[in-house]
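Asker: Have a look at the structure that comes next, please.
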Amino acid sequence: MKKTLTEHLDPSNGTKRILSLDGGGIRGALTLGYLKKMETILRKKYDDDSLRLCDYFDLIGGTSTGSIIASGLAIGMEVDDIVTLYMDLGGKIFGKKHNWWKPWETFKYLKAEYDYSELAKSLLATFKNEVTGAPILMGGPELKTGLCIIAKRADTNSTWHIMNHPKGRFYNSEIGVNKDIPLWQAVRASSAAPTYFVPQMIEVGNGETAAFVDGGVSMANNPSLALLMVATLKGFPFQWEMGEDKLEVVSVGTGYSVFSKKTDDIEDNWILSWAKSVPDMLMQDASWQNQILMQWLSNSPTAYEIDLQTGKMEGDYVGGRPLIKYLRYNFPLTVADLQALGIEKNYTEEDVESLIEMSNAENRFELFNIGEKAAKDVLEEHFQ
């Protein structure tokens, strides 16, 4: 089952598999619950207790918190190790806010709510060569499979796909040297959520420095469609072939809120209320648009009901036939759905609001537990 990076990237080497991981702050802990179940199923299927998800997937990609998990998987970490890392990392990342009452830190608080130094320090400690201690680079041999990190370049308003394919246009040329970008910096760039953390500056070649913010500030907080485009469009180096038996995309979310408000509440909204709710509305719209397009391209056994008019899109295929195999796992964070998991807790609307907030690090253990319970939807027959 184990392949070299070249074998993973080779378009002629069997069915190609993509793992796509959403952004969502500390809710990435929920993603890990799904991934644990997936790893267990694949180890059983291949009768290999040492199998890693990087052995199965030929391209792993993520946005924001998804990029942290994707990078851990791509360097060969098993899910249990990433869970340990994530629980420690989450407490540090969202544990240290700027002290706005200290005059010398007031200017930092006005730029971002959290101190990015803890995040940078933790990422640097994680993504380094175990022998030399040197930072792992995007073009480094430590990456066992294809990796694509989605970030938003704020100074040009362009979405960047930072990847380790050696034939990429920006991998090693006059217009870009992605291979020399430290992995920790790429991850930090993808997870630099505006208002939470300050932007990440990266030298991108030709004497140019770019300012990056969270990849979720784009259409690719759910990066499944973006990764499919990276894998198949001629402008990218992968150029894998479409076909239900040739290309598989597995997409994992971080849980999502379900809007249910009274019209009086909406009518009474004021400027700050809209400022707080609009980003989530736009991110959800982008994610659902990706979901619609991915279901349109596939005959998915995990298809979601889009709405009362569109339904699950059974039989709706672009070109009249499925072009990919597609699996999507995500969980609605509502009182009713949480209660149905059988967790020994009487959930309230206040609990739901707390779980939805992306920076509530104290929820990370509970979110992982929710992900493990929700992973009942990850079935062995999905990976036949």
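The values are calculated or read from the model by the stated rules, or taken from the named source; none is laboratory data. Please read these numbers as outputs of a predicted model, since none were measured by experiment. Cβ coordinates were reconstructed from backbone atoms using ideal geometry, including for glycine residues, and neighbour counts include every protein chain displayed. Remember, those area values only see protein heavy atoms, side chains included, never the ligands or the DNA or RNA. Shrake-Rupley method; radii C 1.70, N 1.55, O 1.52, S 1.80 Å.
Asker: Grab the other residues whose beta carbon is less than 14 angstrom from that of residue 363, score K and R as +1, D and E as -1, and report the net. Spell out each step's value before the answer.
Answerer: Values: positive: 27, 345, 364; negative: 350, 351, 353, 357, 362, 366.
For residues surrounding residue 363, the net value is -3.
Asker: If I model a spin label as a point 7 Å beyond the Cα along the Cα-Cβ vector, how far apart are those points for residue 365 and residue 344 in nm?
Answerer: If labels sit at residue 365 and residue 344, their model points lie 1.4 nm apart.
Asker: Would you work out if region 6-45 is rounded, prolate or oblate? Take a ≥ b ≥ c from the square roots of the eigenvalues of the alpha-carbon gyration tensor; rounded if a/c is under 1.5, else prolate when a/b is larger than b/c, oblate otherwise. Display every interim value, and only then the final one.
Answerer: On the way: a/c = 4.19, a/b = 1.62, b/c = 2.59.
Cα axes put region 6-45 in the oblate bin.
Asker: For region 309-384, what does the alpha-carbon gyration tensor say about shape, rounded, prolate or oblate, given a ≥ b ≥ c as the root eigenvalues, a/c under 1.5 as rounded, and a/b over b/c as prolate?
Answerer: Numbers: a/c = 2.52, a/b = 2.06, b/c = 1.22.
Prolate.
Asker: Between beta-carbons, use under 14 Å as the cut-off and find the net charge around residue 58, counting Lys and Arg +1, Asp and Glu -1.
Answerer: On the way: positive: 2, 3, 16, 17, 52, 144, 246, 325; negative: 7, 10, 55, 241, 248.
Once all neighbours under 14 Å are counted, the net charge is +3.
Asker: According to a simple spin-label model (label point 7 Å from Cα along Cα-to-Cβ), what is the distance in nm between residue 288 and residue 117?
Answerer: For residue 117 paired with residue 288, the spin-label model returns 4.3 nm.
Asker: For the pair residue 10 and residue 129, what calculated FRET efficiency results from E = 1/(1 + (r/R0)^6), where r is the Cβ-Cβ distance and R0 = 35 Å, to the nearest 0.05? Present the calculation step by step, with values, prior to reporting the outcome.
Answerer: Working: r = 26 Å, r/R0 = 0.73.
Approximately 0.85, to the nearest 0.05.
Asker: Compute the relative contact order of the chain as a whole-number percentage, counting only Cα pairs closer than 8 Å that sit 6 or more residues apart in sequence. The partial results should precede the final answer.
Answerer: Details: 742 pairs, mean separation 86.4, N = 384.
Relative contact order of the chain: 22 percent.
Asker: Roughly what % antiparallel, to the nearest 5, for the DSSP beta bridges in the chain? All intermediate terms of the calculation are to be shown ahead of the outcome.
Answerer: Numbers: 18 of 40 bridges.
Taking every DSSP beta bridge within the chain, about 45 percent pair in antiparallel fashion.
Asker: Let me ask another. Distance cut-off 19 Å, Cα to Cα: go down the list 16/234; 167/325; 2/128; 2/144; 3/144; 2/45 and report the pairs above it. Let's see the in-between values first.
Answerer: Details: 16/234 16 Å; 167/325 26 Å; 2/128 22 Å; 2/144 9 Å; 3/144 8 Å; 2/45 14 Å.
Going by Cα-Cα distance, 167/325; 2/128 fall outside the 19 Å limit.
Asker: I'm spelling it out carefully: the read-out is Cα extents along the principal axes in Å, the candidates are (i) 64, 46, 41; (ii) 87, 56, 44; (iii) 57, 52, 38, and one was derived from this structure. Which label?
Answerer: (iii)
Asker: Report the accessible area of residue 246, computed with a 1.4 Å probe over the heavy atoms of all protein chains in place, in Å² rounded to the nearest 10.
Answerer: Solvent-accessible area, nearest 10 Å²: 80 Å².
Asker: Okay, moving on. If I compute solvent accessible area with a 1.4 Å probe over the protein chains, what percent of it on the chain is carbon and sulfur?
Answerer: Numbers: 9640 of 18040 Å².
Answer for the chain is 53 percent, counting heavy atoms of protein chains only.
Asker: For the chain, what is the calculated [θ] at 222 nm in deg cm²/dmol (nearest 500), taking -39500 (n - 2.57) for each run of four or more DSSP H residues and dividing by its residue count?
Answerer: Numbers: 14 runs with 141 residues, N = 384.
For the chain, the value works out to -11000 deg cm²/dmol.
Asker: Residue 296: accessible area at probe 1.4 Å, nearest 10 Å²?
Answerer: The value for residue 296 is about 110 Å².
Asker: Related question: Taking 0.36 nm per intervening residue step and subtracting the Cα-Cα distance, what contour gain separates residue 308 from residue 46 on full extension?
Answerer: Working: separation 262, 0.36 × 262 = 94.32 nm, distance 4.00 nm.
Here the segment from residue 308 to residue 46 would lengthen by 90.3 nm.
Asker: Okay, moving on. Write out the GluC sites (Glu not before Pro) in region 156-241 meeting two conditions: DSSP loop, and at most 10 other Cβ atoms within 10 Å of their Cβ.
Answerer: Details: sites: 174, 203, 208, 241; in loops: 174, 241.
Here the sparse-neighbourhood loop sites are 174.
Asker: Sticking with this structure for a sec: Among rounded, prolate and oblate, which fits region 169-259 when a ≥ b ≥ c are the square roots of the eigenvalues of its C-alpha gyration tensor, a/c under 1.5 means rounded, and a/b larger than b/c means prolate? Kindly include the intermediate steps, with their values, before the conclusion.
Answerer: Details: a/c = 2.79, a/b = 1.12, b/c = 2.49.
The shape class here is oblate.
Asker: Students sometimes get this wrong: rank 175, 343 by accessible area, probe 1.4 Å, all chains present, largest first.
Answerer: In descending accessible area the options line up as 175, 343.
Asker: Also, I was wondering about something else. What FRET efficiency comes out for the pair residue 92/residue 155, r = Cβ-Cβ distance, R0 = 30 Å, nearest 0.05?
Answerer: Values: r = 28 Å, r/R0 = 0.94.
Once the sixth-power term is evaluated, E becomes 0.60.
Asker: Quick one: accessible area per residue over the chain, 1.4 Å probe, rounded to a whole number of Å²? Walk me through the numbers before you get to the answer.
Answerer: Working: 18040 Å² over 384 residues.
Roughly 47 Å² per residue, with all protein chains present.
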